[in-house]
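A.B. asks: Dropping a structure here in structure tokens format, bear with me for questions.
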Amino acid sequence: MRFSTLKIAWRNLGRNRRRTLLGVSAIALGQFTLITVNGLNAGYFESMLRIVTGPLIGHVQVHQRGWREERAVDQYIDNLGRAESEIKTLPEVQSVSARIFSPALGAAGEPGREPAEAEMAMVVGVDVPVENREGGILASLPAEDLPGPGSVVLGKVLAQRLKLTPGKTVAVIGQDADGFPVSNIFLVKSLVKGGNEIVSRLGIVMPLKEAQDFLVLPDKAHEIVILGNDYRKAGELADRIKSLPGLKDAEILTWKEAFPVIVRMIGMKTWTDLIFLAILFIAAAAGIANTMMMSTFERTREFGMLLALGTRPGRLVRMITLESVILGLVGVAVGSILGAAVVYLTSQTGIDYGALSGIRGQEINFQGLTLSYIVYPKLEFRNVLFGVGAVMVTAFLASFWPAFLAARLEPTEAVRA
């Protein structure tokens, strides 16, 4: 390819600047839309994935068969210590935490006094150090506000219904695994509004040992949450856990099996990416094809003179193709810069979908999880490359017909046109 051909192609785009600008704008708008929308989706689904595969849900969950459907207090995992020890022997396991869930009644109460009107609640026994990590049930609490012996943390919604604040006491009434009534009074250490709707609305969260003693569940739990080295290898980890002798009768689920609806939502991102990539194809095709067809028809006489002077048809084809490619590259570059800038800026500040929609609050409850309305977009460089590739393919395809027409011109007829 001669440098003069490239130079001529570049100059030709400047002949009708308005038309060239419209073509560039169409391509830039398509690329801008691709990057910004996919950046929003990437940020939203990454946030969702972080919640689903974090300490709250884990990579693998262990329960007694049928517990997820009935949530009965007597459907527990026995010999908890042995089960946890066996799981911890696996090299890919990072952490293991057990939980207890039991329905109960909670009421504002003081020692020596009858408790006030009771509300439905849920006793939640947890491994406090594990749940205090990022993504855990107690992640938002400082060390001094964590539950301990004789103290609990209340979900904010439950605390509001019971009119309780930190420093007061709550009376808890439930039943143990044998069906006998149990009750006790606990100090309210703090309030929590975590990523779990059950905890926020009903939770009376206490240390696992405290819950085991209160519900007479020694060395037992209802759920074991396991975090591995990589959430993408949860299936392999689950298979290894199933082979452990202490868990041969347990129900063992990966995060995908435990929350299939969330997994399907995350899978929608691929389709969204493809839809906006198709929009970019259409925008690029419209912008390039229109510009090149009009340019070719306007220059029929010029092409005829070039052919009469000895220019080979192949050089005309290369020149028109180069014009299309340059037009596409300029448009995709402008769209990429603008899109990347918007995604970067909003990734620092976040976008509050709740405020934009006129919804009060910053969280939404879905499938028992608390998701934030605030989304922090994420720039995926692959979307930039997909856009560039799409525009290049479109540029070659859109230039084919104008280039074919120019190459087939008869010099004498074209000069007289």
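A.B. asks: Out of the helices (runs of 4 or more DSSP H) lying entirely within segment 152-253, which hold 3 or more residues that are modelled with pLDDT under 90, assigned by TED's automatic domain parsing to the domain that holds Lys88 and closer than 24 Å to Val62 by Cα? Steps first, answer last, please.
C.D. replies: Working: elements: 156-162, 197-202, 208-214, 234-242.
Correct list: 197-202.
A.B. asks: Then there is this: Do the conditions hold for Ala121, that is, is it at pLDDT 80 or above and either surrounded by fewer than 16 Cβ atoms within 10 Å (Cβ to Cβ) or in a strand (DSSP E or B) (or both)? Outline the logic, then answer.
C.D. replies: Details: at pLDDT 80 or above: yes; either surrounded by fewer than 16 Cβ atoms within 10 Å (Cβ to Cβ) or in a strand (DSSP E or B) (or both): yes.
Considered against the rule, which asks whether it is at pLDDT 80 or above and either surrounded by fewer than 16 Cβ atoms within 10 Å (Cβ to Cβ) or in a strand (DSSP E or B) (or both), Ala121 comes out as yes.
A.B. asks: So Glu134 passes all but one of these: (1) under 28 Å from Glu92 (Cα atoms); (2) among the charged types (D, E, K, R); (3) out of contact with any Asp or Glu (no Cβ under 9 Å at 6 or more places or on another chain); (4) at pLDDT 90 or above. Which condition number does it fail?
C.D. replies: For Glu134, the failing item is (4).
A.B. asks: Does at least one position in segment 130-145 carry a residue that is more than 30 Å from His59 (Cβ to Cβ), of a type in the set (Asp, Glu), without any contact (Cβ under 8 Å) to a residue 24 or more places away in the chain and surrounded by fewer than 21 Cβ atoms within 10 Å (Cβ to Cβ)?
C.D. replies: Looking through segment 130-145, at least one residue is more than 30 Å from His59 (Cβ to Cβ), of a type in the set (Asp, Glu), without any contact (Cβ under 8 Å) to a residue 24 or more places away in the chain and surrounded by fewer than 21 Cβ atoms within 10 Å (Cβ to Cβ).
A.B. asks: Counting only residues that are within 14 Å of Ser200 (Cβ to Cβ) and either outside any loop (DSSP other than H, G, I, E, B) or modelled with pLDDT of 90 or more (or both), how many does segment 138-151 have?
C.D. replies: Taking segment 138-151 as the starting set, the residues that turn out to be within 14 Å of Ser200 (Cβ to Cβ) are 138-141.
Imposing the further condition that a residue be either outside any loop (DSSP other than H, G, I, E, B) or modelled with pLDDT of 90 or more (or both) reduces the set to none.
Qualifying residue count for the region: 0.
A.B. asks: Based on this model, can you work out whether Val24 counts as β-branched (Val, Ile, Thr), outside any helix (DSSP H, G or I) and touching a Leu at 6+ places or on another chain (Cβ under 7 Å)? I'd like the intermediate steps shown before the answer.
C.D. replies: Numbers: β-branched (Val, Ile, Thr): yes; outside any helix (DSSP H, G or I): no; touching a Leu at 6+ places or on another chain (Cβ under 7 Å): yes.
Here the answer is no, as Val24 does not meet what is asked.
A.B. asks: Condition first: among the aliphatic types (A, V, I, L, M) and in contact with a helix residue (DSSP H, G or I) (Cβ under 6 Å, 6 or more places away or on another chain). Now tell me which residues in segment 262-276 satisfy that.
C.D. replies: So the first thing to find is which residues in segment 262-276 are among the aliphatic types (A, V, I, L, M), and the list is 262-263, 265-266, 268, 274-275.
Listed by number, the residues that qualify are Ile262, Val263, Ile266.
A.B. asks: A further question on this structure: Go through segment 320-417 and tell me which helices (runs of 4 or more DSSP H), entirely inside it, have 1 or more residues that are farther than 28 Å from Met48 by Cβ, at pLDDT 80 or above and of a type in the set (A, V, I, L, M, F, W, C). Lay out the reasoning, then the answer.
C.D. replies: Working: elements: 353-356, 381-407, 411-416.
Hits in segment 320-417: 381-407.
A.B. asks: Further question: If you scan segment 45-91, which residues turn out to be modelled with pLDDT of 85 or more, out of contact with any Asp or Glu (no Cβ under 8 Å at 6 or more places or on another chain) and in a helix (DSSP H, G or I)?
C.D. replies: Glu69, Glu70, Arg82, Ala83, Glu84, Ser85, Glu86, Ile87, Lys88
The values are calculated or read from the model by the stated rules, or taken from the named source; none is laboratory data. It should be emphasised that the depicted structure is a prediction, and the values quoted were computed from it without experimental measurement. Cβ sites come from the backbone with ideal geometry, for glycine too, and all protein chains shown count toward neighbours.
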